[in-house]
1. Around residue 160, under 15 Å between beta carbons, what's the net of Lys plus Arg minus Asp minus Glu among the other residues?
2. Longest span of the chain, sites excluded, free of trypsin sites (Lys or Arg not before Pro) in DSSP loop with at most 12 other C-beta atoms within 10 Å?
3. Along Cα→Cβ, 7 Å out, is where each label goes; now give me the distance between the ones at residue 93 and residue 40 in nm to one decimal.
4. Of all the stretches in the chain, which is the longest one without any exposed loop site, taking GluC sites (Glu not before Pro) in a DSSP loop (any state but H, G, I, E, B) with at most 12 other Cβ atoms within 10 Å?
5. Could you work out the mean projected area of the convex hull around the alpha carbons of region 2-197, in square nanometres to one decimal?
6. Let me confirm the definition first: pairs of Lys residues in region 2-197, 8 or more apart or on different chains, C-alpha distance under 16 Å. How many are there?
7. I need to check one value: relative contact order of region 1-59, counting alpha carbon pairs closer than 8 Å and at least 6 residues apart, in percent.
8. Hey, fewest Cβ within 10 Å first, where do 120, 173 land in order?
Amino acid sequence: MYYKNYKIFPTEILLFKQEENEFDLDVPSMIQDIEEEIQQQRHIDNGAVPVQSYSILWKDDIEWCGKQNESWKNLQQSFIRCCEVYCEVCWGLSPEKFAILHTNSWFYKTDSSLWKENPHNHFPATLSGIFYLKLNGGDKTVFYDPRNVSNQLKEWVFIPETQENYWCIFPSHAQHSSMGTQTDLPRYVIAADAWLQI
Ligand SMILES: [Fe+2]
């Protein structure tokens, strides 16, 4: 798995590029699963785009139309692998020094009706990830320097060069948001959190 390390601010972001079919992801069927969830009104419905699901994507114990789709399990494995590499590369932790106790995941679908998402973080998780499933020319992710209290100054933001099939892994405390997207085609990303014992 190829990765690029961005040393920014007091933290680091790793961008992972999956080798072709490295984790056997069937992207069209994953998007079909997401659309089925939305059609069946099982997403978090606040009456607007963006559309976000509950943390269901790789759970077996609740009804979720994609549970027979191995791609979701494979995506979970790829997320876990990326977190392991992050621990080693960014925190200098050998495998016996940490354990990944739990992970969860949800989808996030947007189009041009979303101008900009508010900055937020995923605390109290330890590591978080965004997987760019289908961008359709859509937006990237902005990270904010924690030393900038207003989160608005341009020189205090960082935008990784994300592409489809990439995982962006970062500490869960890092403030981030989706940039506004100009295209009418939908953008699908998968978000994930990991809780670690270190
Ligand atoms: Fe987020």
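Since every read-out is calculated from the coordinates, none of them should be taken as a lab result. Worth saying up front: this structure is predicted, and the values here are computed from it rather than measured. No Cβ is skipped: glycine too gets one built from the backbone with ideal geometry, and neighbour counts run over all protein chains shown.
1. Summing Lys and Arg as +1 and Asp and Glu as -1 gives -1.
2. The answer is 1-115.
3. Label at residue 93, label at residue 40, 3.5 nm between them.
4. Maximal segment without exposed cleavage sites: 64-160.
5. 11.2
6. Counting lysine pairs in region 2-197 gives 10.
7. Here the relative contact order equals 18 percent.
8. Placing the least packed residue first, the sequence is 120, 173.
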